[in-house]
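The numbers here are math on the coordinates, done by the rules we state, and not lab data. What you see is a predicted model; the values in this text were computed from it and never measured. Every residue, glycine as well, gets a Cβ built from its backbone with ideal geometry; the counts of neighbours run over all protein chains shown.
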Amino acid sequence: MEPQSSIPTREKRDIPWTLIGFAVLAVYAVLIIVLNREQVDISFVFFSTRISKLVLILLCLGIGFAGGFLFDRWRVRRNRRSA
């Protein structure tokens with residue numbers, strides 16, 4: 001009889017979790033695009049327009065990220081002055 005090694009062999013393949021994660025995100029992105037194709041009316045302060053829900057969602061995300069970035073820069077500058 002041969003002595004068994006304590007080092008595990010690669011009989012089973014490792015599960016590619018990153019690939020599965022990217023696939024799930026891709027399916028989710030496609031679902032968002034497909035389910036938000038409906039046109040909606042949006043009223044900006046000075047004009048109104050008709051755009052898809054997806055564009056509206058992306059516009060809101062962009063405004064939110066820009067606002068967060070500007071607020072963070074303002075907060076850092078304010079803390080630097082008071083220190």
Just give me the residues in region 40-50 being out of contact with any helix residue (DSSP H, G or I) (no Cβ under 8 Å at 6 or more places or on another chain) and of a type outside the set (D, E, K, R), in sequence order. S43, F44, V45, F46, F47, S48, T49
Leading residue by the ranking (surrounded by the most Cβ atoms within 10 Å (Cβ to Cβ)) among those in region 24-83 that are in contact with a Ser or Thr (Cβ under 9 Å, 6 or more places away or on another chain) and in a loop (DSSP other than H, G, I, E, B): N36
Six or more apart or on different chains, Cβ under 7 Å: which pairs go from a residue in region 54-66 that's under 12 Å from I42 (Cα atoms) to one that's among the β-branched types (V, I, T) and surrounded by 10 or more Cβ atoms within 10 Å (Cβ to Cβ)? Could you list them? L56/V40; L56/I42
